[in-house]
2 protein chains.
Amino acid sequence: MRILVVEDEHKIANSVKRGLEQESYAVDVAYTGSNGYDLASVEEYDLIILDRLLPEMDGIEIAKKLREQKIHTPILMLTAKGQVTDRVEGLDAGADDYLVKPFAFEELLARIRALTRRPKDSLGMILTVSDLMLNSANYEVKRSAKSIQLSSKEYALLEYLMRHPDQTLTKDQIISHVWNYDADVLPNTVEVYIGYLRNKIDKPFKNRPALIQTVRGFGYKIG
Amino acid sequence: MRILVVEDEHKIANSVKRGLEQESYAVDVAYTGSNGYDLASVEEYDLIILDRLLPEMDGIEIAKKLREQKIHTPILMLTAKGQVTDRVEGLDAGADDYLVKPFAFEELLARIRALTRRPKDSLGMILTVSDLMLNSANYEVKRSAKSIQLSSKEYALLEYLMRHPDQTLTKDQIISHVWNYDADVLPNTVEVYIGYLRNKIDKPFKNRPALIQTVRGFGYKIG
DNA sequence: GATTTTGCTGAGAAATAGCTGAAGATTAGC
DNA sequence: GCTAATCTTCAGCTATTTCTCAGCAAAATC
């Protein structure tokens, strides 16, 4: 699955590239509009992530030109928080979806999955680890058939862990996936949230094995 | 169920495609009239959604030609608000129904359901959740046999919720289904309408459980 | 066994989500 | 055109969530 990222802010471009590669997408990056446009017209991508505001040639224009060229690759447009009003303009130009910056990486992944629509996770994937179940259609979490109430950060963290079962994730990885790229939260915040999750999914089920495990010096894993 | 969408505005075409696929229709899109005509003559569809005004070959002409070819696939014609809604002309050409742009997605779905009329929902599907009943044939809503009067937005919102019982729907999802694609309403508007609905279907029935539930951080669900 | 590092946790300040009354805009009916 | 209903936004309020801090516990290192 090949993805082109057109974004002039290197920080964002690179963090998106790194994250997507970790999810085993093949990623090309263009830091300018014209560069991005050239790549998009020559190469074949499964998805194009396009910053709306770019020097030289902006996102709207690129989208419009690509559509004129009959290139119908799905386009995910990124817009800064202030510029929300122009939803219509962007969609007119041919974008398929919108994401407002700053976004959490997992949110980006969800949109990408929706746009490239792998049958597997269309509408409501159900993740399970042991007797813990997470249903992304209605954001419901259950353990041993008992419903568990989570806040949205807790939910995002749990989903990230459960999408990588038995794999140790460092606090840095967790931060860059669950929080948005310009929030800089302390590693301790992750510890705190792990604590919250344990209170809800491990502590009340003493007769069952604890699912969230600390891998001292490295991070956490579920499984 | 296969549907062909012939529409030159990518924005509309893509958002309709995405929405219908989520409802598990198989959707093909043609961005030009002649392209659409070719597809419609070769492939077998259960429904064709046709923009009335298209470059190259317009909707009326496509409909006429298809009918000449003895292709009787139901046709739903889209017309812009300003356009002379010459119902007669379109219906003469062979269209089975009309929808004026901009439309809300749920409205489109309702027409599609009417045209493809699966025996199941022939003449007005009736949705029920607990003791709440919605009859889409006559737009009547009742709870515990007591009739409830709703405005059209309230009705559209309730129908959307009831068609996805026990599933949490985000404010974004609600906005893009219940409002039309170029309306730019605030999330708070959804909150307000949820409030209106609660006043009418939950508050007056204190002895019964509340049906509309807030799922903090995610959205709302009914059930 | 003392020291350092790493992780856990209770408490609290700051930020945010959701609810609601009210008021301005828009639309439909007459 | 006028009026009434409906639609939408706004501002203020409350409860929850988010995040940091500081002190403690456990493990690793010396």
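What follows is calculated from the coordinates using simple rules that are stated; it is not laboratory data. Just so you know, these numbers come straight off a predicted model, no measurement behind them. In this analysis, Cβ positions are derived from the backbone assuming ideal geometry, glycine residues included, and neighbour counts consider all displayed protein chains.
Share of antiparallel DSSP beta bridges in the stretch A:2-119, in percent to the nearest 5? Roughly 0 percent of the beta bridges in the stretch A:2-119 run antiparallel, per DSSP. Relative to the globular-protein estimate of 2.2 N^0.38 Å, the Cα radius of gyration of the stretch A:139-196 stands at 1.16.
Calculated [222 nm] ellipticity per residue, helices only, for the protein assembly as shown: -11500 deg cm²/dmol; basis is -39500 (n - 2.57) per DSSP H run with n ≥ 4, divided by all residues, nearest 500. The 3J(HN,Hα) values that the Karplus relation (6.51, -1.76, 1.60; θ = phi - 60°) gives for the stretch A:49-63 are, in residue order, 9, 10, 6, 6, 10, 9, x, 6, 9, 8, x, 4, 5, 4, 4 Hz. Gly and Pro appear as x.
Aspartates and glutamates near B:Lys221 by alpha-carbon distance under 19 Å, same-chain residues fewer than 8 away left out - which ones? Of all the aspartates and glutamates, those that pass the test against B:Lys221 - Cα under 19 Å, at least 8 places apart if same chain - are A:Glu140, B:Glu23, B:Glu106, B:Asp131, B:Glu154, B:Glu159, B:Asp166, B:Asp172, B:Glu191, B:Asp202. Within 10 Å of the Cβ of each residue in B:10-18, the mean number of Cβ atoms contributed by other protein chains is 5.
Classified by the C-alpha gyration tensor, the stretch B:2-119 has a rounded form. Its axis ratio a/c, with a ≥ b ≥ c, is below 1.5. Inter-copy label distances for A:Lys70: 3.2 nm (label point placed 7 Å from Cα along Cα→Cβ; shortest first). Taken residue by residue and averaged, Cβ atoms of other chains lying within 10 Å of the Cβ of B:206-218 number 2.
Multiplying the residue separation of A:Glu61 and A:Asn188 by 0.36 nm and subtracting their alpha-carbon distance yields 41.4 nm.
Position B:Arg117: other-copy label points at 2.8 nm, ordered by increasing distance, label point 7 Å along Cα→C-beta. Exceedance of the 29 Å cut-off in Cα-Cα distance is limited, within the set B:Lys11/B:Lys64; A:Lys11/A:Lys153; A:Lys101/B:Lys11; A:Lys65/A:Lys101; A:Lys65/B:Lys65; A:Lys70/B:Lys64, to A:Lys65/B:Lys65. Net charge in the neighbourhood of A:Lys221 (other residues with Cβ under 15 Å of its Cβ; Lys, Arg +1, Asp, Glu -1) is -1.
Take every DSSP beta bridge whose two residues both sit in chain B; close to 50 percent of them are antiparallel. Here the stretch A:172-220 and the stretch B:1-37 have alpha carbon centers that stand 43 Å from each other. Chain B comes nearest to the axis taking it onto chain A at the Cβ of one residue; that residue and its distance, in whole Å, are B:Met1, 0. Label-point spacing at B:Glu21 relative to the other copies reads 2.8 nm, in ascending order, each point sitting 7 Å out from Cα along Cα→Cβ. Taken residue by residue and averaged, Cβ atoms of other chains lying within 10 Å of the Cβ of A:135-142 number 4.
Based on the alpha-carbon gyration tensor of the protein assembly as shown and its eigenvalue square roots a ≥ b ≥ c, which shape applies: rounded if a/c is under 1.5, prolate if not and a/b is larger than b/c, or oblate? Oblate shape, in that a/c is at least 1.5 and b/c is the bigger or equal ratio. Rounded, prolate or oblate: pick one for the stretch A:118-223, where a ≥ b ≥ c are the square roots of the eigenvalues of its C-alpha gyration tensor, a/c under 1.5 means rounded, and failing that, prolate if a/b is larger than b/c, else oblate. Cα axes put the stretch A:118-223 in the oblate bin. Free of any trypsin sites (Lys or Arg not before Pro) that DSSP assigns to a loop and that have at most 14 other C-beta atoms within 10 Å, the longest stretch within chain A is A:71-205.
For the protein assembly as shown, DSSP calls about 50 percent of its internal beta bridges antiparallel.
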